[in-house]
Amino acid sequence: MSRFALLALVLAVPAAADPAWLHLSIHERGRRGAHVRVNVPVAAVVRGVRLVPEHRSRGCRIDLGKRGLTAYDLDAIWYELRNRPEQTIVTRDTGELELTAVRIGQSVELRVNDEREGTSLRTRVPARVLEALVSGGAGRLDLVAAVGALALAGEGEIALVADDGARVRIWIDGVPGQMEE
């Protein structure tokens, strides 16, 4: 069986025991801006990410246009924030990007500025998801742990990303097929 057929089978099986749904909404600005909405059972996301071979997550980075954040960048930010009081601001210059992070309650707000490209991005994620994501060590993003933390996060907003050209929102609730207004 091909990997794609196996992935389709895993994602197609409904999660009757777990009514939580992960929603993704993308709104691009402009006349030709796309509007995409995806609704998937959280259990299917957890099962699907387990199919990603572990070696694929080494040396990963989170792409932000032409530049990106590495696992090392995110790990350094979390290392600085995890034992600091709320509202502590941590800044890291990666050479490509300026990353600023602040812990707000149980969330971490990340602000990324790319002066060469003239772009900026803001996102807020649960602290436990960021901690799980960087738990792989040695420059590895642990996607399975991060998705597991998402599944445990319960209902609510997981991430809100806004930049000059688009707005992306990810949230979990118990309503299948819910559409964002």
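The values are calculated or read from the model by the stated rules, or taken from the named source; none is laboratory data. If you're wondering where the values come from, they're calculated on a predicted model, not measured in any experiment. Every residue, glycine among them, receives a Cβ derived from its backbone with ideal geometry; neighbour counts consider all protein chains shown.
Where in region 66-181 are there strands (runs of 3 or more DSSP E), lying wholly inside it, with at least 2 residues that are touching a residue at least 60 places away in the same chain (Cβ under 8 Å)?
Output list reads 166-173.
Is it the case that region 63-75 has a residue that's among the polar types (S, T, N, Q) and at pLDDT below 90?
Yes, there is a match, as at least one residue in region 63-75 is among the polar types (S, T, N, Q) and at pLDDT below 90.
Just give me the residues in region 115-130 being surrounded by 18 or more Cβ atoms within 10 Å (Cβ to Cβ), over 11 Å from the mean Cα position of the chain (by Cα) and either among the aromatic types (Phe, Trp, Tyr) or farther than 20 Å from Ala20 by Cβ (or both), in sequence order.
Answer for region 115-130, where residues must be surrounded by 18 or more Cβ atoms within 10 Å (Cβ to Cβ), over 11 Å from the mean Cα position of the chain (by Cα) and either among the aromatic types (Phe, Trp, Tyr) or farther than 20 Å from Ala20 by Cβ (or both): just Leu121.
Kindly check whether there is at least one residue in region 44-57 that is at pLDDT 85 or above, part of a loop (DSSP other than H, G, I, E, B) and loosely packed, with under 11 Cβ neighbours inside 10 Å.
There is no residue in region 44-57 that is at pLDDT 85 or above, part of a loop (DSSP other than H, G, I, E, B) and loosely packed, with under 11 Cβ neighbours inside 10 Å.
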